[in-house]
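The block underneath contains the structure these notes are about, expressed in structure tokens.
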Amino acid sequence: MEFLSESNAIRKLYLPIQWLILPMFYLHVHEVIFRKHISFPTSLYLFTPVAFVFVLHLVHFFFNYGIMPIAEMPDYYAPGLLLYINGISFLFNAIVGYHIYKMLKTNAPATKTGKKKNPEQEWYMSFLALVAGIGIIGVSITISLIQFDIDHTWLIYTLFLMVSTAGYYMGYVGVYRSTLWGEPKNSFSTVSKNGANTYRKIHSYIIEEQRYLDMDLNQSEIAEKFNISPGYLSQLINTNSDQNFNDYINTLRIEASKEMLVAEQFKNYTIESIGLECGFKSKSNFYAAFKKFTGQTPSSYIKVQKMSPVS
């Protein structure tokens with residue numbers, strides 16, 4: 001068949017998919033834990049290098065195919081720019097992998113002493129370990145190709161096989177562990193029907209203990225209190241309050257600050273002091289949150305309240 005012939009152009013086209021594996025995995029983990037899209041700066045950080053390398057490889061392909069004889073695979077990986085770029089891909093993936101690891105550890109499900117790790121977290125960590133192993137082998141192969149005059153075709157195809165294995169593993173396990181197949185207890189999964197009860201307990205605890213006034217409060221702390229994962233906590237709050245965790249807590253802080261701003265016992269407090277008392281770490285954070293949730297500044301709010309008739 002013409003498609004299978006050695007001279008077929010498609011067989012000479014190489015797309016560096018190893019640059020995409022961990023950025024896509026980052027998207028998956030972030031979505032599962034936080035249930036929201038990544039920020040635009042993070043998207044640039046993840047995919048600008050990928051786009052640049054893909055364009056570079058396409059330029060290389062069309063240049064060789066349209067102007068010069070098609071480069072054979074061994075020549076393609078001979079010491080030179082493209083080989084070095086493939087080597088850099090392992091460094092890039094190591095950096096992305098570190099951020100994924102940090103995200104998983106920071107948002108690790110809270111477990112009681114003696115219990116096993118959350119199964120979702122375990123397979124994520126296993127996949128990172130697999131990719132790290134492939135990365136070490138890939139760096140070794142790249143160094144060998146640069147330093148030694150050896151037949152590198154079989155090395156390249158071995159690396160291709162490992163990269164493909166990592167991609168298939170991520171896809172297979174990701175689908176296998178999908179919430180379509182059930183909801184493991186305390187996992188990074190869709191909020192269950194019973195989640196409303198858990199949310200009410202969490203909400204009552206935060207209100208009654210005034211936890212929202214703690215400027216160092218974070219998801220992990222609350223999640224550990226109720227023996228759930230930070231990701232699951234985020235889902236509970238998002239589903240039941242239509243807010244993310246930070247907005248949920250800041251809403252409670254703003255309500256408290258509104259009372260303090262017009263209360264007689266706090267008339268000697270500065271606006272900044274009231275913001276700090278309500279859990280905000282700085283005046284700018286307080287002003288930004290107040291404006292976001294009330295549509296006005298604290299100063300404007302005080303003026304409006306003073307002009308309003310006392311009921």
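For labels at residue 246 and residue 51 in the simple 7 Å Cα→Cβ model, what's the distance in nm?
2.4
For 262, 29, what ranking results if the residue with the fewest other Cβ atoms within 10 Å of its Cβ goes first?
262, 29
Per q in 0.11, 0.12 Å⁻¹, report the Debye log10 I(q)/I(0) for segment 212-273, using one uniform scatterer on each alpha carbon and no solvent.
Rounded to two decimals, the profile gives -0.34, -0.39.
Residue 27 versus residue 201, label points 7 Å from Cα toward the beta carbon: distance in nm?
The answer from the label model is 3.7 nm.
Past 18 Å, Cα to Cα: identify those pairs from 258/303; 267/303; 36/281; 258/283; 258/306; 281/303, in the order given.
Pairs exceeding the cut-off: 36/281; 281/303.
To make sure I understand, if each residue's beta carbon is the centre and we count other beta carbons within 10 Å, what order do 306, 291 fall in, fewest to most?
If I rank by nearby Cβ atoms, fewest first, I get 306, 291.
What list of ³J(HN,Hα) couplings, whole Hz, do you get for segment 279-293 from phi and the Karplus terms 6.51, -1.76, 1.60, once you set θ to phi - 60° and write x for glycine and proline?
x, 8, 7, 7, 4, 5, 5, 5, 4, 5, 5, 4, 5, 5, 9
Provide the per-residue ³J(HN,Hα) series for segment 123-130, in order, calculated from phi with Karplus coefficients 6.51, -1.76, 1.60 and θ = phi - 60°, each as a whole number of Hz, with x at glycine and proline positions.
Calculated HN-Hα couplings, in order: 6, 4, 5, 5, 5, 4, 5, 4 Hz.
Between residue 208 and residue 282, what is 0.36 nm times their sequence separation minus the Cα-Cα distance? Round to one decimal in nm. Please report the intermediate quantities before stating the final value.
Working: separation 74, 0.36 × 74 = 26.64 nm, distance 2.44 nm.
Between residue 208 and residue 282, full extension yields 24.2 nm more.
If segment 195-307 were replaced by its equivalent ellipsoid, with semi-axes equal to the square roots of 5 times the Cα gyration tensor eigenvalues, what would those be, largest first, whole Å? If you can, show how the numbers build up before the last one.
Values: eigenvalues 158, 36, 29 Å².
With the √(5λ) rule applied to segment 195-307, the semi-axes are 28, 13, 12 Å.
Taking 7 Å along the Cα-to-C-beta vector as the label spot, tell me the residue 297-residue 125 distance in nanometres, rounded to one decimal.
4.9
We did not get these values from a lab; they are worked out from the coordinates using the rules stated. Quick caveat, the model's predicted, so the values are computed rather than measured. No Cβ is skipped: glycine too gets one built from the backbone with ideal geometry, and neighbour counts run over all protein chains shown.
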